[in-house]
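Here's the structure, in C-alpha cells; my notes come after.
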Amino acid sequence: MTTETSRSTDIAHAIVDELMDRFGSEVLTQQPTLTDMPVLWVARERLVEVMQFVQQVDKPYALLYDLHGVDERLRMHRRGLPPADFTVFYQLMSLERNVELMIKVALHEDDLRIPTLCNVYLNANWYERETFDMFGIDFVGHPHLSRLLMPPTWNGHPLRKDYPARATEFDPYTLTMEGQDREQAALRFDPESWGMKRQSRDTDYMFLNLGPNHPSAHGAFRIALQLDGEEVVDCVPDIGYHHRGAEKMAERQSWHSYIPYTDRIDYTGGVMNNLPYVLAVEKLAGITVPERAETIRVMMAEMFRINSHLLFLGTFLQDLGAMSPVFYTFSDRQRAYHVIEAITGFRMHPAWFRIGGTAHDLPRGWEQLVRDFLDWMPPRLDEYERAMMDNSLVRERTRHIATHTTAEALTWGITGPNLRATGLKYDRRKARPYSGYERFDFDIPVGTNGDVFDRGMLRIEEMRQSLRIIEQCLKHMPDGDYKADHPLTTPPPREKMLQHIETLITHFLQVSWGPVLKPNESFQMIEATKGLNSYYLTSDGNTMSYRTRIRTPSFAHLQQIPAVINGGFVPDLIAHLGSIDFVMADVDR
C-alpha cells in the first residue's frame, strides 16, 4: 500500500471513529468489503440521528450519492452481518474529505418500515420512492410515497427475489379495452394529490403535459406543468417510461455476459458504461489490469466523452431554436465513430471492454486514425464557441437562466459538468483516479454562475481536455498485453487446452458458465459523460451477481428540475432541459 493510499484510507475511516465515539458499537456494526469505503450497519431507530450527525461534522457528508435496497433472503454468505431479510443502504460523499461512507439498515420482512430522510437530504425523495417501488419498503413520513418507475397499476415489487425475471415466467400479456381505459385513467395527472390548486383568487391555472413524447423532452419523459400564462408555477417530473429492468437482468446474466447490457444505460456513452462495471468486477476477482489495457480504456472512454458532448451541443442549441449546429456536430460525431468503429468493430454499443482488459488489441494503423481526429477537432471547437456560444441570441436565452449554487447542487445530488458549472472543481478522474488517469495531464474546467450558459460552455472546454488526454494516449501508449493473464478472464493457451483434460474442462466452464467470484461486495465510481456513474456489486459466490446497483447521474439531475425552474417561464424550462444533458435510459435503467 502506497503512502497516498494509506493516507486516503485513514481519512475515509476517520468518520468511523467519530461515529463510534458518538453512538457506540451497540448502534453500529462495521462490515469489511472491497468497496474502498467504510460500511456501517446502523440500528433503524438511530438512522436519522446518525445521518444528521454526518451532515454536521467538520467537512460534512453533504451529498447523498445513492440510496436503495437489497433482498437478502436468498443470500447464502452473510457471516458476521446483522440478521436481515431486506437491507436499505445509503451512500454518502464528503467532497471536502474526498471520501465516501455507506450506511446500512437491516429490516425484517414482517416490518418493512424505515424513517424517511427527505427532511435531512432533499434528494432522498426519488430514491426512497424507487426503493418502495422495487422492494415494497415503507419510508415513514415520506411526503408522496408512490411508484416511480413502474406504472401506478403495477402489482408486485420487481427487485424482490421471489419476483420473476423473465417474460416466459409470466402469463401471456393481454390488454382488454377495459384494461386500456384503466391504464389511461391511472396516467391522468391529479393536481390535488400533489398539493396543487387549480385556481387562485385571481386566476385559473392551466395544467399541461410536456411529453412523454416531445422533441424537447429528450426521450420518453413527461413533466406535468402548472402554468399561469407562460410562468411555471409548479411542475412534477414523471419518469419510468423507458424502464427495462437493467438491475434485475444482472441477476440472470454471468459476470461476462452482462457487459453488453451496460452499454444500454447511457446509450450515448458507449464503452464509458462498461468501465465502472468491469472495474468493480475486477476488484471482486482480484485482477490487476496491464498498463496498456488501462491506457486503451482511457483513450476510448474519452473518445466517447467527446462523442456524447457533441450530441449534447447540437441538440442543446436546437432546443434554443438554432437548426444548423446539429448538422455540424453530427458530422463531427461521424469522424469520431470512424475511429471507434475501426478500433472496436462497432459504433454506438461496442461492448468492447472486458473483465481484465479489452476485447482485442489496437489494430494496425490506429495511430493515424487518431492523429487525423486530433488534428480535425480543435478548430471545430473554436468555431462552435465563436459561432454558437458567442451568439447574442444564445447568450440572451441562457445567461442567468435555471441557476443553482454549489450547495444547492450537492443538496440535489448533482454531479459532473452540471456541478462544475457552479464553480466547484471536482472531477473524479483527478480526485480519485482510476484506470490510470493519474498518469495524464489535463485541467478541470469550471463555470461561475451555474446557469444554462455555463453548462453549455463547460462541455466545449471538456472536449478540449479530452483531446489532450487522447493526445497523451497516442504519444505514450505502453507496450505489453491488452488483457490480464488471469484464469478468471483469459482462456488458457490453446496448446495446453489440447493436451490437458483439466485445462480443457476449465476452459469449457469459463466460457459456458462464466467465472465464479468469491462472496464479497465491490464498488466503482467513474466520471462518466453526464456525471458520476457507479456500479455496486454483491457476489454470493456464484457465476452471476446477487445484486447489481447502477447509480446514474441523469436520475438525480431530473429530480432537481422543479427546484430551479418553478417561477420561470416555459422557454426557460426548454433551455434548462437541453442544458442538463440527460438520456432517459440513464434515468430509468
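Please treat every number below as a calculation from the coordinates, not as lab data. What you see is a predicted model, and the numbers here were worked out from it, not measured in a lab. Please note: Cβ atoms are built from the backbone with ideal geometry, for glycine as well, and neighbour counts cover all protein chains shown.
The radius of gyration of the Cα set in the stretch 258-588, together with its Dmax, comes out at 21.0, 74 angstrom.
Using every pair of separate Cα atoms, the Kirkwood estimate puts the hydrodynamic radius of the stretch 42-194 at 17.6 angstrom. Computed from phi, the 3J(HN,Hα) profile of the stretch 201-216 under the Karplus parametrisation 6.51, -1.76, 1.60 (θ = phi - 60°) reads 5, 10, 7, 9, 7, 9, 10, 10, 8, 9, x, x, 10, 7, x, 7 Hz, with x in place of Gly and Pro.
Apply the Debye scattering formula to the stretch 433-589, with a single equal point scatterer on each alpha-carbon and no solvent, then give log10 I(q)/I(0) at q = 0.11, 0.16 Å⁻¹. The calculated log intensity ratios at q = 0.11, 0.16 Å⁻¹ are -0.73, -1.10.
Across the stretch 503-508, computed HN-Hα scalar couplings (Karplus, 6.51 cos²θ - 1.76 cosθ + 1.60, θ = phi - 60°) run 5, 5, 5, 4, 4, 4 Hz from first to last residue, x flagging Gly and Pro. For the chain, the Kirkwood radius over C-alpha pairs fed into Stokes-Einstein at 4 °C and 1.567 mPa s yields D = 51 µm² per second.
Could you calculate the contour length gain from Thr288 to Arg399, that is, 0.36 nm times the residue separation minus the distance between their Cα atoms, to one decimal place in nm?
Once the chain is fully extended between Thr288 and Arg399, it gains 35.3 nm.
Which lysines, if any, have their Cα less than 26 Å from the Cα of Lys248, not counting same-chain residues under 8 positions apart? Hits, sequence-local ones excluded: Lys104, Lys161, Lys283, Lys518, Lys530. Counting 0.36 nm for each residue step from Asp21 to Ala167 and taking away their Cα separation leaves a gain of 47.5 nm.
Of His218, His360, the sequence from fewest to most neighbouring Cβ atoms within 10 angstrom is His360, His218.
Exposure proxy shown here: for Arg297, Arg264, the number of other Cβ atoms within 10 Å sets the order, fewest to most, as Arg264, Arg297.
Shown in residue order for the stretch 246-254 are the 3J(HN,Hα) couplings computed by the Karplus curve 6.51 cos²θ - 1.76 cosθ + 1.60 at θ = phi - 60°: 4, 6, 5, 4, 5, 6, 10, 10, 5 Hz (x for Gly and Pro). For the chain, excluding the exposed loop sites themselves (chymotrypsin sites (Phe, Trp or Tyr not before Pro), DSSP loop, at most 11 other Cβ atoms within 10 Å), the longest remaining stretch covers 174-589. Annotation for the stretch 78-126 versus the stretch 558-586: alpha-carbon center distance of 28 Å.
The ranking of His309, His242, His144 by Cβ neighbour count inside 10 Å, starting from the fewest, reads His144, His242, His309. Stretched out straight at 0.36 nm per residue, the stretch from Asp204 to His144 would grow longer than its current Cα-Cα span by 19.1 nm.
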